[in-house]
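Structure record follows, encoded as structure tokens.
Rule-based calculations on the coordinates, nothing more; no lab input. Small disclaimer: the values here were computed from a predicted structure and weren't measured. Cβ placement follows ideal geometry from the backbone for every residue including glycine, while neighbour counts extend to all protein chains displayed.
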Amino acid sequence: MTRLVRAELLKVFTTRMVWGMLALSLGFTAIGLVALSVLSGAQGVPAVTGPEGVRNLFSQAGTGLVFAFVIGTLLMTGEYRFQTITYTFLVTPRRERVVAAKLAACAVVGLLFGLAGIALAFAVAIPALLIRGASLSLIGGDVARVCAGVVGAMALYAILGLAVGSLLRNQVAAIVVGVGWVYVLESILVALLPSVGKWLPGGAAQAVYGVSSPFGSGYLPAWGGAALLVGYAAVFAAVASLTTIRRDIT
Amino acid sequence: MPAIEIRNLSKSFGAVRAVDDVSFTVEAGTVTGYLGPNGAGKTTTLRSLLGLVAPDSGEALVNGRRYADLARPVCEVGAVLEATNFHPGRTARDHLRVLCAAAGLPEARAEQTLGQVGLADVARKRVAGFSLGMRQRLALATALLGEPRILILDEPANGLDPGGIQWLRGFLRFLADDQGCAVLVSSHVLAEVEQTVDDVVIIAGGRMVREGTLAELTSAGDRGVRVAGAGVERLRARLEAAGATVESPQDGVLLVHGAPPETVGQAALDERVVLSELVRERSDLEAVFMELTAAPGGPPPPPVAGAVTGAPGSAS
């Protein structure tokens with residue numbers, strides 16, 4: 001199984017797309033970090049000198065979830081688009097093993113995206129806190145939890161991408177659906193129906209970060225958010241497996 | 001145990017019966033041509049054999065087992081399939097490295113197989129810049145990674161230039177003759193395989209229409225002995241006396257049925273006629289193929305143009 005995961009990771013890292021997505025993800029994180037640091041304490045933005053502000057700051061590490069989603073999508077749709085799925089299944093005819101390896105590879109990619117974002121968050125947050133005269137001791141258990149949440153959410157979104165890609169197989173369609181969901185539909189649902197929004201993947205991720213909802217309605221407790229994320233991952237993994245295993249490859 | 005065994009295989013896609021009760025075997029050390037017009041069911045058969053398509057009924061076995069049950073499939077079976085391609089942004093070598101990683105083969109195999117198919121120089125180039133022929137060679141390299149003893153190739157000559165086709169013929173013969181591989185190669189262009197294959201399976205409309213050795217198939221279409229020369233008309237009486245029927249398709253040419261070439265030669269010697277040509281006319285595979293696969297009720301087959309002379313398989 002390890003060698004199959006290694007093969008899937010090779011697929012990801014032997015194309016340039018992954019670096020583009022990582023750059024975009026870090027770019028979004030950087031914008032969020034700089035904005036929060038500059039606006040600290042102004043216009044309702046919690047000051048970075050307080051625990052809430054610090055949590056918000058570090059949650060920016062997970063801004064680029066959608067780019068992890070795209071990588072997950074490509075790992076499946078790319079196989080259909082370029083018809084490499086044939087080779088994949090010729091080498092590993094037991095397809096459930098291929099799907100498992102892809103899921104694991106998505107988790108690893110999510111981990112890398114998350115860690116890269118967290119590293120960037122530290123690089124901006126430490127000077128920001130020092131400049132504002134805040135104590136670095138604010139970076140404590142809360143921040144650790146946010147970081148764990150970022151990594152978990154990144155992995156989940158990559159897996160979600162894989163599942164959507166397995167269902168649709170069309171690369172463009174899968175990416176449009178994913179980006180549309182994250183940036184449009186989910187945001188609208190969270191804003192208009194906060195009681196629904198907190199049950200969505202985005203809401204669950206926010207719950208794990210422990211950031212307050214901009215609309216006042218509380219998210220789930222952190223453990224609830226984490227459980228929900230794992231649940232989503234399991235459902236999507238099942239979707240990815242079932243759709244991929246039965247299909248004829250013609 | 002045959003290397004490849006297909007038993008009563010059937011598969012439908014919706015209302016279309018793509019493969020209908022097909023059975024044949026391929027033995028080690030032979031090249032079998034799997035021939036049929038486009039849409040005859042060749043690809044579906046081969047993909048069933050490789051576990052990519054689930055058959056409705058029947059079995060497709062390699063080394064006596066289903067492909068999915070092989071412990072290390074790429075080390076037993078190599079495949080070059082149509083409708084298969086490569087990620088354009090990945091280099092040739094990286095494609096093979098990915099497959100080596102998944103199959104647990106040493107990465108050195110990537111370089112070795114690229115050398116075998118003549119792509120060593122472009123190993124680190126992105127596939128986006130590859131011609132169809134180069135992609136076809138890369139596909140062949142993927143099939144050879146695990147040094148399999150069974151090779152399954154679906155229309156491998158597509159996109160190859162004449163030199164490439166020549167090379168492929170030699171390569172397939174080398175695999176069968178020197179390496180003892182069982183090779184199953186499909187094609188709808190008969191000239192491509194006619195000089196390479198030992199056995200032939202012909203399929204049309206999903207059903208098998210003929211199976212046999214190339215020699216059996218082409219001798220079934222024996223078209224008599226063709227003899228040409230200025231005074232060749234003088235042979236007619238002598239040959240008809242020997243029980244042959246003689247036609248004269250054009251001036252100075254006789255087509256003799258029912259007499260071996262020796263009899264015709266003897267007649268020429270006895271009559272002291274100078275010959276410019278004396279050959280046994282055989283229908284080539286193309287003609288047999290057209291006869292066998294012509295759809296009933298379809299358009300009439302075109303006239304057979306210039307049946308190839310000489311023993312099949314003599315050129316390479």
message = Among the residues in region A:149-161, are any free of Cβ contacts under 8 Å to residues at least 24 places away in the same chain and in contact with a Pro (Cβ under 8 Å, 6 or more places away or on another chain)?
response = no
task = Inspect region A:211-225 for any residue being assigned to a helix (DSSP H, G or I) and free of Cβ contacts under 8 Å to residues at least 24 places away in the same chain and give the result as yes or no.
result = yes
task = Hey, can you tell me all the residues within region B:69-90 that are assigned to a loop (DSSP other than H, G, I, E, B) and either in contact (Cβ under 8 Å) with a residue 40 or more places away in the chain or facing chain A (nearest Cβ under 7 Å) (or both)?
result = B:Arg72, B:Leu81, B:Glu82, B:Ala83, B:Thr84, B:Asn85, B:Phe86, B:His87, B:Pro88, B:Gly89, B:Arg90
query = Taking region A:20-47 as the region of interest, how many residues are small (Gly, Ala, Ser), over 17 Å from the mean Cα position of the chain (by Cα) and buried (at least 19 other Cβ atoms within 10 Å of the Cβ)?
reply = 2
task = Could you run through region B:10-43 and say how many residues are of a type outside the set (Phe, Trp, Tyr) and without any contact (Cβ under 8 Å) to a residue 40 or more places away in the chain?
result = 5
So A:Ala35, is it away from chain B (no Cβ under 11 Å) and without any contact (Cβ under 8 Å) to a residue 40 or more places away in the chain = yes
query = In region B:21-31, is there at least one residue being part of a strand (DSSP E or B), within 19 Å of the chain's Cα centre (by Cα) and either under 24 Å from B:Thr113 (Cα atoms) or within 11 Å of another protein chain (Cβ to nearest Cβ) (or both)?
reply = yes
task = Would you point out which residue out of B:Leu105, B:Leu49 is of a type outside the set (Val, Ile, Thr), more than 28 Å from B:Asp161 (Cα to Cα), touching a residue at least 40 places away in the same chain (Cβ under 8 Å) and within 10 Å of another protein chain (Cβ to nearest Cβ)?
result = B:Leu105
ask   = For residues in region B:55-66 being in contact (Cβ under 8 Å) with a residue 40 or more places away in the chain and in a loop (DSSP other than H, G, I, E, B), which is farthest from the chain's Cα centre (by Cα)?
value = B:Asp56
Residues of region B:118-130 satisfying the condition of being under 17 Å from B:Arg90 (Cβ atoms) and part of a loop (DSSP other than H, G, I, E, B) = B:Leu119, B:Ala123, B:Arg124, B:Lys125, B:Phe130
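Which one of B:Ala3, B:Ala28, B:Ala15 is surrounded by fewer than 17 Cβ atoms within 10 Å (Cβ to Cβ) and more than 13 Å from B:Arg207 (Cα to Cα)? Spell out how you get there, then give the answer.
Numbers: B:Ala3 fails: surrounded by fewer than 17 Cβ atoms within 10 Å (Cβ to Cβ); B:Ala28 fails: surrounded by fewer than 17 Cβ atoms within 10 Å (Cβ to Cβ).
Only one candidate passes the filter, namely B:Ala15.
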Test: residue in region B:59-68 that is facing chain A (nearest Cβ under 9 Å), surrounded by fewer than 22 Cβ atoms within 10 Å (Cβ to Cβ) and of a type in the set (Asp, Glu) = no
inquiry  = Being closer than 25 Å to B:Gln179 by Cβ and within 11 Å of another protein chain (Cβ to nearest Cβ): is that true of B:Tyr34 here?
reply    = no
query = When region B:167-218 is examined, which residues are found to be among the charged types (D, E, K, R) and more than 24 Å from B:Ser48 (Cβ to Cβ)?
reply = B:Arg169, B:Arg173, B:Asp177, B:Asp178, B:Glu194, B:Glu216
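Taking B:Arg93 as the residue in question, decide whether it is crowded, with 24+ Cβ neighbours inside 10 Å, within 11 Å of chain A (Cβ to nearest Cβ), basic (Lys, Arg) and not in a loop (DSSP other than H, G, I, E, B). Steps first, please.
On the way: crowded, with 24+ Cβ neighbours inside 10 Å: no; within 11 Å of chain A (Cβ to nearest Cβ): yes; basic (Lys, Arg): yes; not in a loop (DSSP other than H, G, I, E, B): yes.
Against the criterion (crowded, with 24+ Cβ neighbours inside 10 Å, within 11 Å of chain A (Cβ to nearest Cβ), basic (Lys, Arg) and not in a loop (DSSP other than H, G, I, E, B)), B:Arg93 does not qualify.
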